[in-house]
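K.L.:
To start, I am sharing the structure in question, which I have written as C-alpha cells.
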Amino acid sequence: MLRFVLTCVVFFLAFNDKTFSAEGKPNILVILADDLGWGELSCQGFTQQIPTPNIDSIANNGVRFTSGYVSGPYCSPTRAGLMTGRYQQRFGHEFNPGPAASAPKTFGLSLNETTIANHLKTAGYATGWFGKSHLGYEPPFHPLKRGFDEFFGFLGGAHSYFDAIADSTNPILRGTESVKHLDYATDDFGNAAAAFIDKHKDQPWFCYLPFNAVHAPLEALDKYESRFKSIDDKKRRTFAAMLSAMDDNVGTVLNKLRQHKLEENTLIFFFSDNGGPTPSITSGNGPLRGFKAQTWEGGIRVPFMVQWKGRIPAGKVDDRPIIQLDILPTSLAAAGVTVKPDLKLDGVNLLPYLTGQNAGSPHEMLYWRFGQQIAIRMGDWKLVKAVGNQGVEGIERNNVASTAGAELYNLKNDIGEKQNLAEKEPARFKQMAAAWDEWNSQLVEPSWTPNRNAGAKAKAKRKQQ
C-alpha cells in the first residue's frame with residue numbers, strides 16, 4: 001500500500017512540475033526586432049499610428065514587461081548577451097565591430113562561451129536561425145558552428161531588404177552558401193521560420209528569428225507602404241511599412257503554430273535589441289530619454305513580452321525589471337535542462353515569476369557599461385552616466401568608465417529621467433556607485449573598439465571597385 005501511495009505522489013509531482021519531461025519538452029521561439037523603440041507597438045499604449053496586432057497578441061496571450069531591458073544599447077553586444085545568458089562585458093563583447101570589410105578577424109561571440117542553441121541541441125532540440133547574426137564574420141563564428149542546425153540570414157549588422165548580394169562581404173546565406181535572390185528580407189525570414197516549424201513539428205525545436213526590421217536602410221514593399229498613405233513624411237511612412245511587414249511575418253509564424261496545434265506547447269519571447277535610433281529611422285521611444293547607443297532608458301529599455309499559453313497568465317502587465325539575459329535560463333528550465341553553476345549565468349529563470357509562484361523581483365540590480373557610459377538599476381532607482389553627462393560625447397572608449405559625474409533618477413516617479421536627485425540622495429548615490437564599481441571590477445577590457453574611420457575607408461574603397 002505504501003509503495004502504491006508513493007508511486008501516486010511521484011506521478012502527481014511529475015505531472016504538475018513546472019518543467020516538462022523529456023517526452024513533453026516545449027518548443028521555444030525567440031523573435032528579435034532590430035532598432036524597435038519602446039514606444040512604437042500599439043500594445044505599449046503610446047501611439048496607435050502603426051497597428052501591430054500579431055505582436056500585440058503575444059502580449060495579450062502572455063505577459064508584457066514594462067521594464068524589459070537589454071544589456072547593451074547596441075546590436076551586437078545585446079545579441080552576445082542573449083546567446084550566453086551572461087553580461088557580454090565579461091568576455092569583451094562590449095561594442096559593435098564595424099563593417100565586415102574592416103572588422104577584426106577575431107571579432108565574434110567568444111568561442112569559450114556556450115550558446116543557448118548548444119544547450120538545447122544537446123537536449124534533443126532541432127535548432128534554426130533565420131535573420132541577422134552580427135556575432136562574427138569568420139567561419140568559427142558562423143551559426144552552424146554555434147549549435148544551430150539550420151541558418152538563413154546574414155552575418156553583418158545591416159543588409160538591403162531587396163538585394164541579396166548588395167554587399168559582397170556580407171551576403172545573404174543559406175547555410176554557408178550565398179543566396180542570389182531575395183523577395184523582401186522580412187518576408188523571406190518569416191517564411192523560412194515557418195518552414196522550419198513545418199519540418200520539425202513532430203519534435204522539440206528552438207527557432208531564433210532575429211529580423212533585421214526595422215533597422216536601416218528604410219526599404220519597404222509597396223503592398224506594405226500603401227497601408228500608410230495618410231502619413232505624409234516619407235521616412236516615417238516607410239518605417240511604418242517595415243514595422244507592419246514584421247508584424248505580418250510574426251503572424252505567419254504564429255499561424256503556423258496554430259496550424260500544427262503547437263501554440264500551447266511553445267514558449268515565445270519577443271523583444272528588441274535596443275531602443276530606437278529615432279533621428280535616423282523615426283523609431284520612437286515614447287516618454288523615455290535618449291536613443292540607441294545610449295544608457296539612458298531610451299537606449300536600453302525595450303518592448304519585451306513572453307507567451308506560453310496555459311502555463312503563464314494571459315494579458316498580464318508586469319513592471320518588475322527583467323533583461324534579455326533571462327531568456328537562456330528560462331528556456332533551459334522550460335526544457336528541463338539543468339544549469340551547471342560553472343556557467344556563471346547572470347540571467348535568471350523567469351518561470352516562477354511568470355507563473356506567480358514568486359512575487360519578488362527577479363533581479364536585485366541590473367548593470368550596464370558601454371564605453372564611458374554606465375548605468376545601474378536598483379529597484380525604482382537608476383544611476384546613469386550617458387551621452388551629455390560630464391563630457392561623454394559618444395560610444396568611443398576614450399576614458400575609463402566610472403561613476404564620477406553620474407546622475408540619479410527615480411524611474412517610478414520620473415520615467416523620462418528629467419530630475420537628477422544625486423545631490424538630494426547622497427547615501428543612495430554612494431550605495432549604487434559602490435555596487436556598480438564591484439560589478440565593473442569583474443569585467444574585462446573590450447576585445448575591440450569602434451573604428452568609424454576604418455569603416456568609412458572600407459566603404460569608400462568598395463565604391464571605387
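K.L.:
So how far, in whole Å, is the C-alpha centre of the stretch 95-157 from the one of the stretch 217-248?
P.N.:
If you average the Cα positions of each part, the centres end up 30 Å apart.
K.L.:
Figure the gain on full extension for K344 and S447 (residue separation times 0.36 nm, minus the Cα-Cα span) and round it to one decimal in nm.
P.N.:
That pair, K344 and S447, stretches by 35.1 nm at full extension.
K.L.:
Follow-up question, since we're still on this one. Calculate one ³J(HN,Hα) per residue across the stretch 119-135 by plugging θ = phi - 60° into the Karplus curve 6.51 cos²θ - 1.76 cosθ + 1.60, and present them in order as whole Hz with x for glycine and proline.
P.N.:
Karplus values, whole Hz, x for Gly and Pro: 4, 6, 5, 4, 7, x, 8, 6, 10, x, 10, 9, x, 6, 9, 6, 10.
K.L.:
Mind checking the full-extension length gain between T252 and K309? Use 0.36 nm per residue of separation minus the Cα-Cα distance, one decimal, nm.
P.N.:
Using 0.36 nm per residue and subtracting the Cα-Cα distance, I get 18.7 nm.
K.L.:
List, in order, the whole-Hz ³J(HN,Hα) value for each residue of the stretch 166-175 obtained from phi through the Karplus relation with A = 6.51, B = -1.76, C = 1.60 and θ = phi - 60°; use x for Gly and Pro.
P.N.:
Karplus values, whole Hz, x for Gly and Pro: 4, 10, 5, 8, 8, x, 6, 10, 10, x.
K.L.:
What distance in nm separates the two pseudo spin-label positions at V179 and M365, each 7 Å out from Cα along the beta-carbon direction?
P.N.:
Going by the 7 Å Cα→Cβ label model, 4.4 nm.
K.L.:
For n ≥ 4 DSSP H runs only, could you compute -39500 (n - 2.57) per run for the chain, divide by its residues and tell me the 222 nm figure to the nearest 500?
P.N.:
That comes out to -8500 deg cm²/dmol.
K.L.:
Give the cross-link partners of K234 among the lysines, using a straight C-alpha distance below 28 Å as the criterion and excluding same-chain residues fewer than 8 apart.
P.N.:
K234 reaches K132, K223, K292, K459, K463.
K.L.:
What does the highest-first list of 194-204, 314-324 look like by mean Cβ count within 10 Å?
P.N.:
Going from most to least packed, we get 314-324, 194-204.
K.L.:
Based only on Cα atoms, what Rg/Rh ratio does the stretch 325-406 have, Rh being taken as Kirkwood's radius?
P.N.:
With Rh from the inverse mean 1/r over Cα pairs, Rg/Rh is 1.11.
K.L.:
Another one. How large is ³J(HN,Hα) for each residue in the stretch 255-265, as worked out from phi by the Karplus curve 6.51 cos²θ - 1.76 cosθ + 1.60 (θ = phi - 60°), to whole Hz, x for Gly and Pro?
P.N.:
5, 5, 4, 5, 4, 9, 6, 10, 4, 7, 10
K.L.:
Same structure, new question: Answer rounded, prolate or oblate for the stretch 60-154, using the Cα gyration tensor with square roots of eigenvalues a ≥ b ≥ c: rounded when a/c is under 1.5, else prolate when a/b is larger than b/c, else oblate.
P.N.:
Here the stretch 60-154 falls in the oblate category.
K.L.:
Using amide H atoms built in the peptide plane, which far-off residues or other-chain residues are under 5 Å from W205 H to H?
P.N.:
Distant-sequence amide H within range of W205: N27, I28, A126.
K.L.:
Here's another thing I want to ask about it. Pairs to check: K105/K145; K121/K145; K199/K340. Give those whose C-alpha atoms are more than 20 Å from each other in this structure.
P.N.:
K199/K340
K.L.:
Could you tell me the distance between the Cα centroids of the stretch 412-452 and the stretch 290-344, to the nearest Å?
P.N.:
Taking the Cα centre of the stretch 290-344 as reference, the centre of the stretch 412-452 is 21 Å away.
K.L.:
What does the highest-first list of 182-190, 350-358 look like by mean Cβ count within 10 Å?
P.N.:
Put in order of decreasing packing, that is 182-190, 350-358.
K.L.:
Along each of its three principal axes, how wide is the spread of alpha-carbon positions in the stretch 129-265, in whole angstrom units, largest first?
P.N.:
Rounded to whole Å, the extents work out to 47, 40, 22 Å.
K.L.:
Need one word for the stretch 244-341: rounded, prolate or oblate. Basis is the Cα gyration tensor (sqrt eigenvalues a ≥ b ≥ c); a/c below 1.5 gives rounded, then a/b vs b/c decides.
P.N.:
oblate
K.L.:
Give me the one-decimal nm value for the distance between modelled label points at T122 and T169, 7 Å along each residue's Cα-to-Cβ direction.
P.N.:
The answer from the label model is 3.6 nm.
Here, each number is a calculation from the coordinates, and none is a lab measurement. Everything quoted here is computed from the prediction, not taken from an experiment. FYI the Cβ positions are ideal-geometry reconstructions off the backbone, even for glycines, and counts take in every protein chain you see.
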